[in-house]
Structures are given as C-alpha cells and as structure tokens.
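These notes are about the structure you will find just below.
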C-alpha cells in the first residue's frame, strides 16, 4: 500500500486557489474542496503529492467548538486521505455545524463519499 505524504495548506492564497477551481462536494459534516495540481507543480522539487487545509467558520460555534471540530476533521482526514486520496491534489475541508455531533465513523464516511464524488478516491492495496 502506498500512502502519500500530506502537507498542510496554511496561507490564505493557497486556500483561495483551491476555492477558485469551484470543485466541491457537501456532506452533512463537511464540505470538501479540491484542486488538481498542474503539470508544472507535479515535477518541482518542493512538490508534495497531497496538500490539505482546514477551516471552520464562526457560524459553527465559539472557539472551543470550532477547535474541536477541526481536531475531529484532522483525525478523519488522517485516517482516510493517506490510503484513499489520489495524489497531485490540494484539499480544503470546511467543517459544518453537524460535524460537532456526528460520530467519527460518520465523519470518515462523509469524507470518503466526498472524495468519490470529486473523482479523487482510489482504493490502494
């Protein structure tokens, strides 16, 4: 099984670049946005196969709730993306209000369904 390294998106322009592709799929617990890397990006030395960012708006709750949602989404992404996400893509996971109450298996299922809808899911063996 090939597990691709995951690097974090941290700067606002990186998040905006992913959002500008308008490739997104909403599930009850999260919204997944995706951007495929260009050919130039695929062959640079600093290139990482999968990059990932998280965001949770103030609509979800106060800082304690938002941080808990982000921790739960990070754990779900760590469980799903290395083994099921196609390489050469950037992902942004946006937490929704239901992410706070959903069970962990439901969050993982939400992420897997969103990957499948965006044609970014692959079964690695």
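Does the stretch 22-37 contain at least one residue that is part of a helix (DSSP H, G or I) and out of contact with any helix residue (DSSP H, G or I) (no Cβ under 7 Å at 6 or more places or on another chain)? Scanning the stretch 22-37 turns up no residue that is part of a helix (DSSP H, G or I) and out of contact with any helix residue (DSSP H, G or I) (no Cβ under 7 Å at 6 or more places or on another chain). Screening the stretch 90-120 for residues that are part of a strand (DSSP E or B) and closer than 16 Å to residue 78 by Cβ and picking the one that is farthest from the chain's Cα centre (by Cα) gives 95.
If I filter the stretch 54-68 for residues that are under 24 Å from residue 13 (Cα atoms), part of a helix (DSSP H, G or I), under 12 Å from the mean Cα position of the chain (by Cα) and touching a residue at least 24 places away in the same chain (Cβ under 8 Å), do I get at least one hit? Steps first, answer last, please.
Going residue by residue through the stretch 54-68, those that are under 24 Å from residue 13 (Cα atoms) are 54-60, 63, 66-67.
So of that shortlist, the ones also part of a helix (DSSP H, G or I) come out as 63, 66-67.
With under 12 Å from the mean Cα position of the chain (by Cα) added as a condition, the list becomes none.
No; the residues of the stretch 54-68 include none that is under 24 Å from residue 13 (Cα atoms), part of a helix (DSSP H, G or I), under 12 Å from the mean Cα position of the chain (by Cα) and touching a residue at least 24 places away in the same chain (Cβ under 8 Å).
For the stretch 47-56, indicate whether the set of residues that are out of contact with any strand residue (DSSP E or B) (no Cβ under 7 Å at 6 or more places or on another chain), within 19 Å of residue 122 (Cα to Cα) and modelled with pLDDT under 95 is non-empty. Taking every residue of the stretch 47-56 in turn, at least one turns out to be out of contact with any strand residue (DSSP E or B) (no Cβ under 7 Å at 6 or more places or on another chain), within 19 Å of residue 122 (Cα to Cα) and modelled with pLDDT under 95. For the condition surrounded by 18 or more Cβ atoms within 10 Å (Cβ to Cβ) and over 26 Å from residue 37 (Cα atoms), what is the one hit in 114, 99, 63? On inspection, the qualifying residue turns out to be 99.
For the stretch 102-111, the set of residues classified as free of Cβ contacts under 8 Å to residues at least 40 places away in the same chain and crowded, with 18+ Cβ neighbours inside 10 Å consists of 108 only. If the condition is being buried (at least 18 other Cβ atoms within 10 Å of the Cβ), modelled with pLDDT of 90 or more and either out of contact with any strand residue (DSSP E or B) (no Cβ under 8 Å at 6 or more places or on another chain) or in a strand (DSSP E or B) (or both), then the stretch 77-88 contributes only 80.
Out of curiosity, is residue 120 modelled with pLDDT under 95, touching a strand residue (DSSP E or B) at 6+ places or on another chain (Cβ under 7 Å) and surrounded by 13 or more Cβ atoms within 10 Å (Cβ to Cβ)?
When the stated conditions are applied, residue 120 passes them.
Of the residues making up the stretch 76-103, those that are over 21 Å from residue 49 (Cβ atoms) and out of contact with any helix residue (DSSP H, G or I) (no Cβ under 7 Å at 6 or more places or on another chain) number 7.
The values are calculated or read from the model by the stated rules, or taken from the named source; none is laboratory data. Note that the structure is predicted; figures quoted are calculated from it, not measured. Using ideal geometry, Cβ is built from the backbone for each residue, glycine included, and neighbour counts are taken over all protein chains shown.
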